[in-house]
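Novice: The structure follows.
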């Protein structure tokens, strides 16, 4: 099938690599405005990610958020099906996990973020996304939403990663927003 998730993933990974944009093309203040809109001035916990494989680089945003006293967390892959978030400070070293991802030390306790930034391979206007195909984020975000019903989920991408339609099934988690260098896409 031409538009299967597997084919879309393969094509958009190639597009992302060829058309990679540096973080200076992104206005991360828009995410700070989203935080203010949804959480007023509350000091929330942000679920970030450490970029790899041509993902949008969030590090400067995480530095700014940290200076504003937001707590920063990064994803940690626990096993072949489970991911959680653990606290991280900007200058703290990261370690390569057995899954090949950079993560904070595993001795820290799990933290549930209020806002999660989600790297993605492709997205559509309906706030559906394609990730790497393992389902870590889908399962994690569903779990977070059950614990913190007011949590916000923001996909982070280059606008060239936009797809007309992403196939969607019951295991997929729909995002609240998509953030690109062109701005924020929402469902309303």
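Novice: Considering only the range 147-172, how many residues are under 19 Å from residue 48 (Cα atoms) and surrounded by fewer than 20 Cβ atoms within 10 Å (Cβ to Cβ)?
Specialist: Matching residues across the range 147-172 total 4.
Novice: Now for a different question. Answer yes or no as to whether residue 51 is more than 30 Å from residue 14 (Cβ to Cβ), part of a loop (DSSP other than H, G, I, E, B) and within 14 Å of the chain's Cα centre (by Cα).
Specialist: Judged against the criteria, residue 51 is not a match.
Novice: Given the conditions (1) touching a strand residue (DSSP E or B) at 6+ places or on another chain (Cβ under 9 Å); (2) in contact (Cβ under 8 Å) with a residue 24 or more places away in the chain; (3) over 24 Å from residue 9 (Cα atoms); (4) surrounded by fewer than 14 Cβ atoms within 10 Å (Cβ to Cβ), report the number of the one that residue 89 does not fulfil.
Specialist: Only one criterion is unmet by residue 89, namely (2).
Novice: Take the conditions in contact (Cβ under 8 Å) with a residue 60 or more places away in the chain and at negative phi and apply them to residue 96. Does it pass?
Specialist: So residue 96 does not fit the description; no.
Novice: Also: Identify the residue in the range 59-86 that is without any contact (Cβ under 8 Å) to a residue 12 or more places away in the chain and either in a helix (DSSP H, G or I) or in contact with a strand residue (DSSP E or B) (Cβ under 8 Å, 6 or more places away or on another chain) (or both) and, among all such residues, is nearest to residue 131 (Cα to Cα).
Specialist: Among residues in the range 59-86 that are without any contact (Cβ under 8 Å) to a residue 12 or more places away in the chain and either in a helix (DSSP H, G or I) or in contact with a strand residue (DSSP E or B) (Cβ under 8 Å, 6 or more places away or on another chain) (or both), the one nearest to residue 131 (Cα to Cα) is 78.
Novice: Next question. Here is a list: 133, 100. Which entry is touching a helix residue (DSSP H, G or I) at 6+ places or on another chain (Cβ under 9 Å), surrounded by fewer than 17 Cβ atoms within 10 Å (Cβ to Cβ) and over 24 Å from residue 24 (Cβ atoms)?
Specialist: Criteria check complete, one pass: 133.
Novice: Do we find a residue being surrounded by 11 or more Cβ atoms within 10 Å (Cβ to Cβ), part of a loop (DSSP other than H, G, I, E, B) and at pLDDT below 85 anywhere in the range 21-42?
Specialist: The answer is yes, given that some residue of the range 21-42 is surrounded by 11 or more Cβ atoms within 10 Å (Cβ to Cβ), part of a loop (DSSP other than H, G, I, E, B) and at pLDDT below 85.
Novice: Follow-up. Answer with yes or no whether residue 78 is modelled with pLDDT under 90 and over 18 Å from residue 121 (Cβ atoms).
Specialist: yes
The values are calculated or read from the model by the stated rules, or taken from the named source; none is laboratory data. None of the values given here were measured: they were computed from a predicted structure. Virtual Cβ from ideal backbone geometry, glycine too; neighbours counted across all protein chains shown.
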